[in-house]
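The values are calculated or read from the model by the stated rules, or taken from the named source; none is laboratory data. Here the structure is a predicted model, which means the values were calculated and not measured. Here the Cβ positions follow ideal geometry from the backbone for every residue, glycine too, while neighbour counts run over all protein chains shown.
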Amino acid sequence: MAPTNPAAYLQNRSDHPAQLFRMVTAGIIPGAMPALATSPVGGVNPYFGNRLNVTGNAAMTVNVDTGLVYMPGAAAWQGMYAGYNTASYVVTVPASSSTQWRSDYIVARQHDTAFGDADNNWDIVDVAGSFSSSAPGTLPTLSGNVVPLAIIRVVPNMTVTNGGGTVVDARVWGNLAGPLFTNSTALPPSTMPNGTMWVERDTNRLGVLLNSTYCYLYNSATLDIQEIIKTADETVTSSTTLQNDNQLLLPYQPNATYIFRCWVDYEGANVGTGDLKWNWSGLTSGTNLRYTANYMSLTGTFSPTIGAAVNLGSSTLAAGTNGSGNPVGFEMVGSLSTGSTGGTLQLQWAQNTSNATGTIVHAQSFLRLERTS
């Protein structure tokens, strides 16, 4: 196969074939097709009309509502057709049996005489399955340039299609538009389809609409859920001067709220002789870190999590060590509310009592911030 001429949209050519424009449509709206495919998937456009919704009637017919559908060509490189329906459309369902079951498809179908069909029309039709002595019957095999819209479960002696479970939605969906480029004061309507995404130019945040709720995935500097796991041990020996941890630090944004969590795996000298003290640096003006912690006291007992005092990030606390080679751990859980200036939250720590046996904060300790607003 060689490059097919002409290419699309040449001003001085009048011989652009229809197949070329079908391939352009297929490339723009391929649907959930695999790589290396030669035929698109197509589907119902998720925006226009009532998206070809199929509903039952008090007769052996169904109504198909308004919408736009992309119908893939069955042959390789045939491309994709598009058809739209501007009013409720009635489709006849073949009569039921007195003793047997059947399952039908309601499909959008395109004919094309260039590929051996009898006409060039698109339509919405019932493709009937075979009758079966057991429910629900086998669905028919679809062929040609079709997109399924619904399944009709036909039971013995059925005379209406509006019974419960008769019409089953089977729509294949076309692509959603890519992320919309907007700003935080002009969000997409909450009535847009689930999965609609947007990028805010003023905040550089990425959002997604889920169940009519605005959800954020990313912000300008970092993930909304961000975490760091310590990859190497760090040791302080014979020093009670607070120093910044080499890895347990994360940036935060201004005017935001985060869920805060930190777990510290550490060891040192016998309890009461070396120990570990800590606090948090990087709290800008108006930024508050409040948390509770469950840690071993300087006498070797654990403070309770439930009902523990709320600690401020600027408070220096001390936890007991349990002897060299006997690591212990503690967890801090709370919230971070930031002021008008962003910053970097960083763990500071040292020995509580100077000791030649080093106090170690181990690898796999972690810090996590999850932005909520």
Kindly list, by first and then second residue, each pair from a residue in segment 92-111 that is in the same structural domain as GLY137 (by TED's automatic domain parsing) and over 12 Å from SER132 (Cα atoms) to a residue that is in a loop (DSSP other than H, G, I, E, B) and among the charged types (D, E, K, R), limited to pairs with Cβ atoms under 9 Å and residues at least 6 apart or on different chains.
-> GLN110/ASP117; HIS111/ASP117; HIS111/ASP119
Would you pick out the residues in segment 330-347 that are surrounded by fewer than 20 Cβ atoms within 10 Å (Cβ to Cβ) and closer than 18 Å to MET296 by Cα?
-> GLU331, VAL333
Complete set of residues in segment 42-67 that are free of Cβ contacts under 8 Å to residues at least 60 places away in the same chain, surrounded by fewer than 22 Cβ atoms within 10 Å (Cβ to Cβ) and outside any loop (DSSP other than H, G, I, E, B) | ASN63
Quick check: anything in segment 7-15 of a type in the set (Phe, Trp, Tyr), farther than 19 Å from ALA170 by Cβ and in contact (Cβ under 8 Å) with a residue 12 or more places away in the chain?
-> no
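Condition check ((1) at pLDDT below 95; (2) under 27 Å from GLU370 (Cβ atoms); (3) under 32 Å from the mean Cα position of the chain (by Cα)) across all residues:
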site: GLU234; (1), (2), (3): no, yes, no
site: GLN253; (1), (2), (3): yes, yes, yes
site: THR257; (1), (2), (3): yes, yes, yes
site: GLY274; (1), (2), (3): yes, no, no
Residue satisfying condition, being in contact with a Leu (Cβ under 6 Å, 6 or more places away or on another chain) and modelled with pLDDT of 95 or more, within set LEU149, LEU139 = LEU149
